[in-house]
């Protein structure tokens with residue numbers, strides 16, 4: 001409610017052009033993210049209905065040093081964006097997958113899958129090293145956050161529908177599948193809409209001159225594009241094309257935009273608050289942002 005009220009107050013003071021831009025961006029973000037949210041909800045429901053928790057727990061080791069790399073490896077197989085990874089990670093947690101591994105999967109899935117890497121190759125023609133750098137930096141960031149969460153994280157309070165696995169062998173599987181899809185979609189779509197509204201407000205009111213000025217300040221440009229990625233909340237399948245358009249920024253800054261965006265943005269934070277609780281999200285998002293920026297900066301130095 002506070003976020004919604006803040007957006008309404010800001011828009012009330014905006015001019016007609018800014019309001020038009022808000023509507024355009026809001027509709028575009030919702031339409032862009034919704035198919036992937038549906039995908040994530042369906043995958044999440046399928047895990048609940050068809051995957052035996054005991055099998056899943058055997059596949060993902062309890063020790064973070066082994067479980068986190070396994071989760072990051074599995075993330076490369078699921079095409080989707082950050083919105084789809086949240087309900088899947090929540091189901092994994094509910095079925096007994098260790099928290100560090102589930103959260104590493106949440107971060108890696110939208111950043112290192114084949115669709116995103118192919119889009120990056122297309123967005124930066126003739127520069128495959130950028131796609132490789134994106135994969136390496138994103139994978140390292142997801143794994144590092146997962147391992148750090150094992151030591152620095154707080155308990156995650158899942159809603160009841162996630163916290164209690166409903167795996168049911170036999171004919172009731174399809175009933176569980178349909179019920180889970182409907183329940184998860186109705187819940188997640190609300191938080192997605194709130195996040196999209198916040199992102200649209202930031203995009204409509206953020207002066208473009210601020211970004212242009214930051215591009216001339218060296219390392220500040222890396223932080224500027226990282227923060228911009230958080231604010232504008234572009235889907236990970238499309239963010240490479242936007243990153244490529246920021247030609248006034250360094251390659252490292254462009255890489256930071258592509259690494260941070262799929263892991264931390266305002267609509268993703270809203271989904272995490274609704275799914276994992278405010279306390280967890282307010283610690284997880286800053287940790288992820290710092291690690292993602294450091295990973296992008298470290299890897300980006302090697303491709304200048």
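Each value in this text was obtained by applying a stated rule to the coordinates, not by laboratory testing. All values reported here derive from a predicted model rather than from experimental measurement. Positions of Cβ are backbone-derived with ideal geometry, glycine not excepted, and every protein chain shown enters the neighbour counts.
The residues 115, 259, when put in order of fewest to most other Cβ atoms within 10 Å, stand as 115, 259. Arranged from fewest to most other beta-carbon atoms within 10 Å of their beta carbon, 138, 245, 250 become 245, 250, 138. Potential lengthening of the chain between residue 118 and residue 31 amounts to 29.2 nm, from the contour at 0.36 nm per residue minus the alpha-carbon distance.
Sorting 146-155, 225-234 by average packing, meaning the other beta carbons within 10 Å per residue, from highest down gives 225-234, 146-155. Between residue 16 and residue 182, the modelled label-to-label distance comes to 4.5 nm, taking each label 7 Å out from Cα in the direction of the beta carbon.
Peptides 117-128, 280-291, ordered by how many other C-beta atoms sit within 10 Å of their residues on average, highest first, read 280-291, 117-128. Ordering 70, 181 from the fewest to the most neighbouring beta carbons within 10 Å gives 70, 181.
Stretch residue 248-residue 174 to full length: gain in nm at 0.36 nm per residue minus the Cα-Cα span? If you can, show how the numbers build up before the last one.
Numbers: separation 74, 0.36 × 74 = 26.64 nm, distance 5.22 nm.
Stretched fully, the residue 248-residue 174 segment lengthens by 21.4 nm.
Please report the spacing between the Cα centers of the stretch 107-124 and the stretch 231-250 in Å, no decimals. Measuring centre to centre over Cα atoms gives 12 Å. Residue ranges 97-104, 172-179 sort as 97-104, 172-179 when ordered by packing (mean number of other C-beta atoms within 10 Å per residue, highest first).
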